[in-house]
Every structure is written in C-alpha cells, then in structure tokens.
Amino acid sequence: MNAASEGGTLFLHIGMPKTGSTFLQDHIFPKLDHLHVRAVPHTALFNERGDKAIERRLMGCALRRAASIWSAAGDQMFEELLGNRMDWLKKPRDLLISDEAIGRAARRPGTLAIHLAALAEHARKWGFQKVKVLMVIRRQDTWLASHYAQISNRVTAANQGGFEQMVARTLDPRIDRCGFGMVIDYAALQAAILRELGNASLTVLPHEAMRADKGATLRNILIWLRTPSEMVEALTQHAEGSRANVRQAETGVWALRPYQLGKINAPSWAMPGRGKTIRLTSTLSAAILESYSAGNALLARSIPADLQKWGYVPSGTAPRPVLEGIAS
C-alpha cells in the first residue's frame, strides 16, 4: 500500500523534549526511505525576533502565530518541506514531520489542536488525506526533574532548593499549572486532539516503555509509520543491540550542568550556592503525580499502554521513581 493508492498520510511526531526524540531523529527516521522525512525542519519565511529565538524552526514559528497561518502561508511552508506542489502531486508519498517544538506548544492544548486541524485541512491540497499524531509521553515527575537538569546551565544558583521551587510553581494553578504545567498534562492534549482530528488520529506511547524495551516500542512506531516489514525487522534488531547514551545512577538523581557564560562553562568556585545534583524525593514525586492524577487516570483508561505499570497511576501505594541515568 502506498500514498498514491489511498491518499498520502501526514505523520506528526510530537517530540516532547527528554522522550527519546533525538535518538529517533538521528538514528531511525533518516533510514526510512518509504516516506518523506523532515526532522526539525527550519524555515526562511519567518524572521522576527521570536522566530530567531527558536532558531527559526518551521513548526515552532508557525505555532507561535494564529492557526490562520496555515491558510495564509501554508503553501509556502509546504514548498519548503516538499518543493513544487505540482511536482509533488505527480509522485505523492507519506510525510513525517518530527519536532519537539510541537510538544512545547502543548502549554495551550486547545490552541495546538486547532493548529493541527488547520494544518490537516491545508495538507489535503498537497495530497494528504489523513493526519496522524504520535505523542510520546514521560511521567511528569521524572520529566520535571530531567527538564530542570537540562536547563540548569542557564540557572545561576541551580540546586535542590531551586528545583523544588520550580516544582511548586509548576503545580500552583495561580502560577504555572495552567501555563508551563500544561505541557505535561497529556490528557488535556489528548482530549483536544481527538476533538479536532477524530478518534483515529492519535497514538500515545510512554517513554518508559521505550527505555525498558527499545526494540518493542520502536517496532510499534515503525508499524505506525507503515514501514515495510523487512525494514521494521532490521531497525528493531539494531535498536535492541544499541546502548543508551546515559550513565546509570542511583534512582531519582540527576546531575546539574555547569553554568554557561556564552559558550564557556563558568568555574564552580565562581558560582556559590550551585549544587551538583538534584534528587526527586518520594514526597516531590507524589505531589507532582497527584497534580496530574485525574488526567493520568483518564489517559490510562483510553490507551493500550499500561500506565499503571510505569507509575503514572498509583496502585494503592506511593509511586516510586523509575531508574534514571545521570544527565550529561
């Protein structure tokens, strides 16, 4: 079965940061020759200060504007992705777009879903009759810890106290719970996407399953992308033999990155108060998961993945942090 026989499919990988997106974009998606792949596409169309701040990523630039951008400049954006429209329609293929910028826009799930619906409508002009979304999620407590460790090179006094303050702000509905905190409210995004695109549009996979069995999870992703069986087997076997690019550490501990002045690491003696690691304590973990418990329970009942197995939904006891690697 090919794109021409039933109309092409536009696959969107909502690559939330810290959910294995880089592995897929660098090592798996470029090897897929049965569809057109655009991982983290950039644009020359948008050049405002906000566009430059996000390195002029195509999806990020579009999503920071109103959804009407797809009717106003959709052809120009698709030309950057695919070339001349008439040439593309002569030999249509499926298209995969993978970019963490889509996931970051989930802080306004309703707006993101409206964008996706507008994108789907415009994509029909280019031969794409279906839009399917893959959302890779990560448990909210470990995601917040990993996120803080990732941005610690931009936080002058990054330490355990700073991490706990960030968690408190993220969970407070008067501050960030309905802003930044919505990025990891997966149930809200699921509901918005299904409302705009329909029940057959969304696949949800937990990052924890990929860490535990990379080959099996990768197989699911490749099948979702309608990958030929021989390519599925080859890439799955390669993934099963690969090693994760992390240093194993004690449960719930992340290393903080050196503070950077430009591109130079500041010496530790010049940064009093900075810590070397943060710890996701059982108290913090429980508080974070409690804030998202209602949505996680809804999500667990609506997808095949066993979210209780991975601690999204408590099974009568306090959830335990999963084994993590020290962030490099």
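The values are calculated or read from the model by the stated rules, or taken from the named source; none is laboratory data. Given the structure is predicted, the values throughout are model-derived calculations rather than measurements. In this analysis, Cβ positions are derived from the backbone assuming ideal geometry, glycine residues included, and neighbour counts consider all displayed protein chains. These area figures cover heavy atoms from the full protein model, side chains too; ligands, DNA and RNA do not enter into them. Shrake-Rupley method; radii C 1.70, N 1.55, O 1.52, S 1.80 Å.
Consider segment 82-95. How many of its residues are surrounded by fewer than 16 Cβ atoms within 10 Å (Cβ to Cβ) and of a type in the set (A, V, I, L, M)? Number of matching residues: 2. Whenever a residue of segment 300-328 is within 22 Å of His147 (Cβ to Cβ) and among the aromatic types (Phe, Trp, Tyr), its partners that are part of a loop (DSSP other than H, G, I, E, B) and at pLDDT below 90, lying with C-beta atoms within less than 9 angstrom and at least six residues away or across chains, give the pairs Trp310/Val322; Tyr312/Pro319.
Residues are listed down the side, and each one gets a yes or a no for (1) polar (S, T, N, Q); (2) under 23 Å from Ile14 (Cβ atoms):
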{"site": "Tyr148", "(1), (2)": "no, yes"}
{"site": "Arg154", "(1), (2)": "no, no"}
{"site": "Asn159", "(1), (2)": "yes, no"}
{"site": "Val167", "(1), (2)": "no, no"}
{"site": "Phe180", "(1), (2)": "no, yes"}
{"site": "Asp185", "(1), (2)": "no, yes"}
{"site": "Asn199", "(1), (2)": "yes, yes"}
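Residues that are open to solvent by 10 Å² or more (accessible area, probe 1.4 Å), of a type in the set (Gly, Ala, Ser) and over 20 Å from the mean Cα position of the chain (by Cα) within segment 145-188 comprise Ala157, Gly161, Gly162, Ala168, listed in sequence order.
Listed by first and then second residue, the pairs linking a residue in segment 279-294 that is at negative phi and without any contact (Cβ under 8 Å) to a residue 40 or more places away in the chain to a residue that is surrounded by fewer than 16 Cβ atoms within 10 Å (Cβ to Cβ) and among the aliphatic types (A, V, I, L, M), with Cβ atoms under 8 Å apart and 6 or more places separating them unless they lie on different chains, are Ser282/Ala318; Ala286/Ala318. Quick one: would you say Arg124 is open to solvent by 30 Å² or more (accessible area, probe 1.4 Å), touching a strand residue (DSSP E or B) at 6+ places or on another chain (Cβ under 8 Å) and not in a strand (DSSP E or B)? Spelling it out, it is not the case that Arg124 is open to solvent by 30 Å² or more (accessible area, probe 1.4 Å), touching a strand residue (DSSP E or B) at 6+ places or on another chain (Cβ under 8 Å) and not in a strand (DSSP E or B). Among the residues of segment 59-81, those identified as open to solvent by less than 40 Å² (accessible area, probe 1.4 Å), over 25 Å from Gly20 (Cα atoms) and among the small types (Gly, Ala, Ser) are Ala67, Ala73, Gly74.
Exactly one of (1) among the small types (Gly, Ala, Ser); (2) modelled with pLDDT of 95 or more; (3) open to solvent by 60 Å² or more (accessible area, probe 1.4 Å) is unmet by Ala53. Its number? Among (1) among the small types (Gly, Ala, Ser); (2) modelled with pLDDT of 95 or more; (3) open to solvent by 60 Å² or more (accessible area, probe 1.4 Å), the lone unmet condition for Ala53 is (2). If the condition is being over 14 Å from Arg108 (Cβ atoms) and either in a helix (DSSP H, G or I) or of a type in the set (Phe, Trp, Tyr) (or both), then segment 169-194 contributes Arg169, Thr170, Leu171, Tyr186, Ala187, Gln190, Leu194. Answer yes or no: is there a residue in segment 51-60 that is in contact (Cβ under 8 Å) with a residue 24 or more places away in the chain, in a strand (DSSP E or B) and at negative phi. For segment 51-60, residues in contact (Cβ under 8 Å) with a residue 24 or more places away in the chain, in a strand (DSSP E or B) and at negative phi: present.
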